[in-house]
Amino acid sequence: MEEKKNKFKISYVVLLLLLVLLLLFMFVDTSNPGKKVMQSDVFSLIEGTYDDPTTKDVVEQYQMVEYFYENGYFYVLVKDSKNADKFPAYSDFYCEYSTSSFITEVNEAIKDAGKEDLISYDTANVRQSWIQQYLPMLIFLVITGVMIYFLFRTIANGNKGAMSFGKSKARATNFTKVKFSDIAGADEEKAELQEIVEFLKNPKKFTDLGARIPKGVLLVGPPGTGKTLLAKAVAGESNVPFISISGSDFVEMFVGVGASRVRDLFDQAKKAKPCIVFIDEIDAVGRQRGAGLGGGNDEREQTLNQLLVEMDGFEANEGIIVLAATNRSDVLDPALMRPGRFDRQIYVHIPDVKGREGILKIHARNKPLDESVDFKTLARITTGFTGADIENMLNESAILAARAGRPKITMTDITEGINKVLMGPQKKSRLVTPDDRKLTAYHEAGHAILGKLLKHCEEVQEVSIIPRGHAGGYTLSRPDNDNTYMSYNKIMDEMAMCMGGRIAEEIIFKDITTGASSDIQQATKMAHKMVYDWGMSKKLGFISLDSQGQVFIGRDYQTRNNFSEKLIAEADDEIRQILAKNYKRAKDVLTDNIKLLNEMAELLLERETIYKEEVDMLIEGKSKEEIISLMEKREKEQKEKEAKLIQENKEKEEIEKYKKKVLDGAELLQAGIISQEEYNAVVKELEKHQKELAEKKQKVEVDKSSDVEKKTKEDNIVEDSSSKVDVTVNKKEKKQAVGENKSEELKHKGDKKDD
């Protein structure tokens, strides 16, 4: 197959070169018209008085003996010219003329000079080169040959090429390398698809029990959850050909092309069965028929009809399993969803905390991670991330670590990668005025304090005043678990937390700004859903005021409301009361913790970004100075560790470089290019370098051990001194106890005497 392709490539190159050469011969002038002169110089040539400044001594040579004119050009051949055999293609002089009167004047000048023997060139006797003679015929033969070649090739390939738009654009892969072990966070989905694999490997196990394998399996789920990856894994596990196509590849501008491509796709699958046909984004071709504004699309409906027939028509397609993926199953045609076509629907969920941990480990297999990276923590703080999001997040983290020159990816890099995926990169270069910076610090501190002090809020993960995306600052909260449902109290606390920024501005600056616009939208949206969707209004009670759902133009024309205007007014009043109640709650909490608000804002102005640990320390009552000291200590330790790793990697690279020199030297020695002494010198250089590194390492270890011993001695001295103090204290206590006992005895004796 490869040889055939190479032959076609070579033939194309040869034809292209031939056509280029022909074009060059057609458009490149190969003649030499000679030196250009003025019209007056032509008359001097006739009279024999032309004076060429380059050869003044040979005036007699410049006498015109032949001439030729056509298309506004007048060509001259002079006496004893070396161009005599090639004239008029090659001439000695030429000039341009625009009127026929010039030729009349030339003829009169020839008569006046008495030189009627001058030869006027006859076009019938023009001596043409072989290129000029045979070029038209050669062009005709080449064009005819190329047309015949392509005609026969089109016939031999079954009308491929010009008529190939009716053929399927499916990409066939004989065997894929993706396995179920490469997928995490989809255990139930893999179990469902494992039956497909078992049937393709051992169909007798099912047919003996009268079972029929599903003809089609529809994978439904949000974008990025791994639907395509699961389909590839089925093909990889069952070790059968995998034919993939997109739903949009069927539809074309030509009528009937979509149906033709569907037929060709299943013909291709029948030749390769048992196989898997995977149709990605099937909603592009499988939408509901005969509905919507302006009627349906005939071409798309024809394509869908052909797909329905191929999946479950008169002809059996045993051994062909159709897998399809979509994130809009609600718009698919019911005939496509019925049993016998897509017998089984598998919903591919967003991974839970356990699944995210598995996905993190899979995507981190080829990445060097620092010891500080904790997959359990990362899995917890990436709630809502799909597999594609996690892969992108780790890739961004690796890029950030490489940009900073770190040898390993740290937890800080991954945290920044998460924020970058969620909100975009940091805008540290954005010019922020001191007033805006201070305002942002108090705004975000208000959010963070309410997030920590309100019982049902999510855990505060990060607070920053560095602009990112459209936000001037941000407060990130991460849940401790993957709870599917939200309670009434949690929604109320989250709503109050949204109001923290605006309330902090009002308390500190006695003014409000436009910075809380997104917070207001979020809080209003939550209150609206509480009343309209979730039945959490104490006044309206257990009722849903939501419309009939999302409008699909292919099925619906407008939303329909089944409630009165009075009920809507009451619902709106209830929304305002919920918002007002939470605003008051949030304001009371921040007013009672004004000192904490100031401390956190000052810390943010100093450090710009703080994390969960720093927020917890502030809540515990630690001062800003203590927290900054701990943060600087951690950063210093991290930098020292990174510097050590960089040094170790540098030393390894140097050793590898010397080892490569030794190996190259051995090859050169064997080839006789270098002598044994030169090779020995290279080996000694390697040994010397290894020895230096070993001594350096040993010295570092000795210094470490001496530091440890010194610290131990200091600790022992402290312990000895404390033990001595304890002994002295004990002696004093004993003396004091003896004295007290004696005094007691004397007291008793005195009492006895009194008795």
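The values are calculated or read from the model by the stated rules, or taken from the named source; none is laboratory data. A quick note: this is a predicted structure, and the numbers were derived from the prediction, not measured. So basically every Cβ, Gly included, is an ideal-geometry build from the backbone, and we count neighbours across all protein chains shown. For the accessible areas, the whole protein counts, side chains as well, though only heavy atoms, and no ligand, DNA or RNA atoms are used. Shrake-Rupley method; radii C 1.70, N 1.55, O 1.52, S 1.80 Å.
Brief remarks on what is shown
- Local electrostatic count, E677, Cβ distance below 15 Å [Lys/Arg +1, Asp/Glu -1]: -1
- Of the peptides 480-486, 403-409, the ranking by mean beta-carbon count within 10 Å, highest at the top, reads 403-409, 480-486.
- Net length gained if the chain between D511 and H349 were fully extended (0.36 nm per residue, minus Cα distance): 53.8 nm
- Taking N as its residue count, the alpha carbon Rg of segment 428-472 over 2.2 N^0.38 Å: 1.30
- Solvent exposure, largest accessible area first (probe 1.4 Å, DNA, RNA and ligands not counted), of F87, F140, F509: F140, F509, F87
- Taking each of K420/K659; K227/K376; K367/K659; K636/K684 in turn, the alpha-carbon distance tops 30 angstrom for K420/K659; K636/K684.
- Order by protection proxy (mean Cβ within 10 Å, highest first), peptides 421-428, 322-329: 322-329, 421-428
- From the alpha carbon centroid of segment 601-664 to that of segment 479-512 is 33 Å.
- The HN-Hα couplings worked out from phi for segment 464-479 by the Karplus form 6.51 cos²θ - 1.76 cosθ + 1.60 (θ = phi - 60°) are 9, 10, 7, x, 8, x, 8, 9, x, x, 7, 10, 9, 10, 10, x Hz, whole numbers, x standing for Gly and Pro.
- E188/E677 FRET efficiency (R0 56 Å; Cβ-Cβ; nearest 0.05): 0.20
- Kirkwood Rh and Cα Rg combined as Rg/Rh, segment 203-242: 1.08
- Shown are I245, I508, whose ranking by accessible area with a 1.4 Å probe and every protein chain present, most to least, is I508, I245.
- The trypsin sites (Lys or Arg not before Pro) of segment 193-243 that DSSP puts in a loop, and whose beta carbon has at most 14 other beta carbons within 10 Å, are R212.
- Geometric descriptor of segment 336-462, per residue, is 193 Å³ (volume of the convex hull of the Cα atoms).
- Backbone N within segment 622-636 under 20 Å of label point (7 Å from E602 Cα along the Cβ vector): 622-633
- For R365 and N649, a Förster radius of 25 Å and the Cβ-Cβ distance give a FRET efficiency of 0.80, rounded to the nearest 0.05.
- Rg/Rg_ref, segment 577-617, where Rg_ref = 2.2 N^0.38 Å and atoms are Cα: 1.46
- Counting only protein chain heavy atoms and rolling a 1.4 Å probe, the accessible areas of L229, L540, L618 rank, largest first, as L229, L540, L618.
- The calculated FRET efficiency for the pair D664 and K697, based on their C-beta separation and a Förster distance of 35 Å, comes to about 0.85.
- Inter-site label distance for S623 and K428 at 7 Å from Cα along Cβ, in nm: 2.9
- Exposure check, 1.4 Å probe, all protein chains in place: V615 carries approximately 0 Å² of accessible surface.
- Taken over segment 174-285, the convex hull of the Cα atoms encloses 119 Å³ per residue.
- Accessible area (Å², 1.4 Å probe, nearest 10) - M499: 20
- Ordering of 299-312, 669-682, 362-375, 430-443 by packing [mean C-beta count within 10 Å, highest first]: 299-312, 430-443, 362-375, 669-682
- Segment 330-405 - Kirkwood radius from inverse mean 1/r over Cα pairs (Å): 14.9
- Put a dot 7 Å past the Cα of F375, heading toward its Cβ, do the same for E198, and the two dots end up 2.8 nm apart.
- F206 sits with roughly 50 Å² accessible to a 1.4 Å probe, with DNA, RNA and ligands left out of the calculation.
- Violating pairs (Cα-Cα greater than 20 angstrom) within the set K452/K587; K452/K539; K455/K624: K452/K539; K455/K624
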